[in-house]
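Working notes, structure below.
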Amino acid sequence: MNQIDPMDAADARNFVVGDTAHAEVDGFRHQVDEIFLKVDRLEQSVNEIEQFYLTLKKKQQTGSKGSSIVKDKDKERHVPSIKKQQQEAARREAAAAKRMQELMRQFGTILRQISQHKWAWPFMQPVDVEGLGLHDYYEVIDKPMDFSTIKNQMEAKDGTGYKNVREICSDVRLVFKNAMKYNDERSDVHVMAKTLLAKFEEKWLQLLPKVTEEEKRREEEEAEALLDMQLAQEAAQAKMARDISNEIYEVDMQLDELRELVVQNCRKISTEEKRKLGAALTKLSPEDLSKALEIVAENNPSFQATAEEVDLDIDAQSESTLWRLKFFVKDALEVHAKSSASTGGGNNQNHTNSNNINSNNKRKKEICDAIARTAKKKTKKPSS
């Protein structure tokens, strides 16, 4: 993906000089402002995509190895859009709820058979704690339960009822276990509860395979739906990344066209300005001088900005490069002047920094000598 250099937009503002009409200047600035807005929007989108993939990477690292293998295996299959998957999820949820309702209906048959047993009468209604004088009942029993309470929850229509068969099974067991816990094992109620619990477990084992099969099916469907949703999100993010790449390319092209248009409307840099520019380059810090050479290299692929020997011909540079150099040098020297004034000329550098400066100055001197040699060649008269 191409990178957008904010300097390009700044150049477009500064290129327009001389006799260019004020209206044209405003037009150029308006275009640059639009580019800035577009770049900000693209940058925000790029950050969102990066955040998505960072989150995805963390999930993959914390996930099981098996799930990763399944995901890689299924990546090539066709994945519906996120909207279609949401619709399919709603349909699948409704179908699963309908199947669970059928299992609960079958469980209701078991519950009726147990409640019709001759020993079921003590468990049909909530325990009459006050009437029977069971003052310690709530100290022993944490959650009272009875068949009428179970029946009411099974028939509830307000969303407060049981969601699956295992919840009902747990409460039926609780009815008998509460009775066995509170009553002595030799008491009639304890024996009745123990007997009915055994009968219930026999009947529950007959229904259990269907319950297990449904739970396994539900788990597989949810895992598949989760995988499809993740792949759909990845596909959407990948498409967004491609679109952003295309937009960045269009912005690059727009900047190039704008730069050329501005150059066509600006005056040519004079010979005197070129001479002053060459002299100003020798005043740059080693770091800024390297940046200036990078500007030259951008429009001149054969120019080696980092070579040991640099031969910079100011007259051979394009108007675009010269204007960029001019404004860069001007800004760099102003910043350097302010920095020198605020630090008192930098007289308190330590020995290590002095060695670094000497090394940088040596490199700077070599480049400046090369600029001077090139200028000398241009001004030297040919021999007769």
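The values are calculated or read from the model by the stated rules, or taken from the named source; none is laboratory data. Just so you know, these numbers come straight off a predicted model, no measurement behind them. Every residue, glycine among them, receives a Cβ derived from its backbone with ideal geometry; neighbour counts consider all protein chains shown. Each accessible area value is taken on the protein alone, full model and side chains, heavy atoms only, with ligands, DNA and RNA left out. Shrake-Rupley method; radii C 1.70, N 1.55, O 1.52, S 1.80 Å.
Here are some notes:
- A residue that is in contact with a Phe, Trp or Tyr (Cβ under 8 Å, 6 or more places away or on another chain), closer than 30 Å to residue 118 by Cα and in contact (Cβ under 8 Å) with a residue 12 or more places away in the chain occurs somewhere in region 200-213.
- Subset of region 224-233 (residues that are surrounded by fewer than 16 Cβ atoms within 10 Å (Cβ to Cβ) and touching a residue at least 40 places away in the same chain (Cβ under 8 Å)): 230, 233
- Single unsatisfied condition, residue 161 versus (1) open to solvent by 20 Å² or more (accessible area, probe 1.4 Å); (2) in a loop (DSSP other than H, G, I, E, B); (3) at pLDDT below 95: (1)
- Among the residues listed as 194, 177, 181, the single one being touching an Asp or Glu at 6+ places or on another chain (Cβ under 9 Å), of a type in the set (Lys, Arg) and modelled with pLDDT of 95 or more: 194
- Complete set of residues in region 126-153 that are under 22 Å from residue 108 (Cβ atoms) and open to solvent by 90 Å² or more (accessible area, probe 1.4 Å): 143, 151, 152
- Residue 156 among the small types (Gly, Ala, Ser) and open to solvent by 50 Å² or more (accessible area, probe 1.4 Å): no
- Qualifying position, being under 30 Å from residue 26 (Cβ atoms) and of a type in the set (Ser, Thr, Tyr), among 318, 290: 318
- The residue of region 312-321 that is modelled with the highest pLDDT, among those that are in a loop (DSSP other than H, G, I, E, B) and open to solvent by less than 30 Å² (accessible area, probe 1.4 Å), is 317.
- If the condition is being among the basic types (Lys, Arg) and free of Cβ contacts under 8 Å to residues at least 24 places away in the same chain, then region 98-151 contributes 98, 105, 112, 118.
Table: residues versus (1) buried (at least 18 other Cβ atoms within 10 Å of the Cβ); (2) outside any loop (DSSP other than H, G, I, E, B); (3) within 38 Å of the chain's Cα centre (by Cα).
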residue	(1), (2), (3)
296	yes, yes, yes
304	no, no, no
310	yes, no, no
325	yes, yes, no
338	no, yes, no
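Each row is one residue, and each column tells you yes or no for (1) assigned to a helix (DSSP H, G or I); (2) closer than 30 Å to residue 265 by Cβ; (3) modelled with pLDDT under 80; (4) open to solvent by less than 90 Å² (accessible area, probe 1.4 Å).
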{"residue": "29", "(1), (2), (3), (4)": "yes, yes, yes, no"}
{"residue": "35", "(1), (2), (3), (4)": "yes, yes, no, yes"}
{"residue": "47", "(1), (2), (3), (4)": "yes, no, no, yes"}
{"residue": "50", "(1), (2), (3), (4)": "yes, no, no, no"}
{"residue": "56", "(1), (2), (3), (4)": "yes, no, yes, yes"}
{"residue": "59", "(1), (2), (3), (4)": "yes, no, yes, no"}
{"residue": "76", "(1), (2), (3), (4)": "no, no, yes, no"}
{"residue": "92", "(1), (2), (3), (4)": "yes, no, no, yes"}
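- Residue within region 62-72 that is hydroxyl-bearing (Ser, Thr, Tyr) and either open to solvent by 100 Å² or more (accessible area, probe 1.4 Å) or modelled with pLDDT of 85 or more (or both) present: yes
- Residue 198 being under 29 Å from residue 47 (Cα atoms), of a type in the set (A, V, I, L, M, F, W, C) and out of contact with any strand residue (DSSP E or B) (no Cβ under 9 Å at 6 or more places or on another chain): no
- Residue match in region 245-254 (condition: in contact with an Asp or Glu (Cβ under 8 Å, 6 or more places away or on another chain) and not β-branched (Val, Ile, Thr)): no
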